[in-house]
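A short worksheet on the structure shown next.
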Amino acid sequence: MKILVFGRGVIGAQYGWALEKAGHQVDFYVRPGRAATYGTFINMKVFDMRKSFNGVQLNESWPVRFLEELDVDHDYDLILLSVQHYRFSEAAAFLSSRVGKASILIFNNFWADPELAAAPLPREQLVWGFPGAGGGFSAGHTLQGGFFGQVQFGSFNPTLTAREKAVRDLMRGAGFKVVEQPDFRGWLWTHFALNAGIHAQALQAGSMARMVKVMARGKRAVLNVREVLPILEARGVRLKDFSKDVTLFQLPTWVGAAALKWSYTLHRPTRAIIGSASNPEEPKYFCRDVLVEAHRLGISVPRLEAAKPFFEITEDIRQPQRDGPATPLQVVGRPSVEQS
């Protein structure tokens, strides 16, 4: 299969590498001028967990091909689209006239309705999934982090289309386990809200790594997550359908805090993913968007309100969402980082 990865992001690079190793052609589309900056290779220093929980750490220089133009009549079979959720509308608008005959695998976080967000793209060519990976780029074109052995998939069609089946088979052929989420919209929103609750505490601690290492901070993160769960229920999400995701945060706080600390302390791949994350703005948008929704729904979230100064955004860089513009937060001053 001929595959185009949109952008040189952490997710696209890791799955692009795995798909190329499985025998497929993989290219990257990047903004004009970026190819020279990115060079001709990516240093892959990530954990591959497809065959074991502890993974195998890769350490190789991967030659890659960057394109700065995308013809309307290109012959790519698949476009892998994974960007920050606040950049999705921009990416969808760009690709809307450049899809060609390709399937589009959307590997993205969403807090807006995903189908509305993807409305500029041809619905019949969309495939919906979610990665299990993370990390960041450091100096010297080096990607650090890791990817897990399973990939989440969902569908907004009554039955799977031929394109949806083909992309699932593609991932299986590359060694990934496919996990189906019957309510994919609800799963995406739940994942987003959990991230917001955890990130709210991590921003106060100064980083995710600083947060997970201290039990008291982990307990506060658990309480943050509990506080935002009513937002999901108000949106129509049946939390009992996602018990595997939320139960940890409904148990005594020390249990959730211990799990967060254990995953960082004892699991090297998780430590690499958390410690290498290099986008300081994305956690702020998670928290901000959930707080805006709490205001809209009239749900009290005092813990998230108290953390608001830590996710101050000086300039909202996204375009208005199709389900309404985001409301700017009124934040005064910037606090110092929480002390140890």
Give me the percent of DSSP beta bridges within the chain that run antiparallel, rounded to the nearest 5. 35 percent
Mind pulling the per residue volume of the convex hull built on the Cα atoms of region 201-314? Å³ is fine. 106 Å³
Region 131-240: which trypsin sites (Lys or Arg not before Pro) are DSSP loop and have at most 16 other beta-carbon atoms within 10 angstrom? Lys213, Arg235, Arg238
Here the percent of antiparallel bridges among DSSP beta bridges lying wholly in region 2-181, to the nearest 5, is 35 percent
Using 0.36 nm per residue, how much length does the chain from Ala209 to Ile299 gain when fully extended, once their Cα-Cα distance is taken away? 29.4 nm
If amide hydrogens are placed 1.01 Å from N in the peptide plane, which non-local residues have theirs closer than 5 Å to the one on Thr142? Asn43
Sequence order, region 107-113: Karplus ³J(HN,Hα) from phi using 6.51 cos²θ - 1.76 cosθ + 1.60, θ = phi - 60°, Hz rounded, Gly and Pro as x, gives 10, 9, 6, 9, 10, 6, 5
Label assignment, Rg and Dmax of the Cα atoms in Å derived from the structure, set [x] 24.1, 86; [y] 19.7, 68; [z] 19.6, 56: [z]
Report the Cα centroid-to-centroid distance between region 209-227 and region 163-178 in angstrom, as an integer. 35 Å
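Read-outs throughout are calculated quantities, based only on the coordinates presented, and are distinct from any laboratory measurement. Everything numeric here is computed off the predicted structure, so don't read it as measured data. Please note: Cβ atoms are built from the backbone with ideal geometry, for glycine as well, and neighbour counts cover all protein chains shown.
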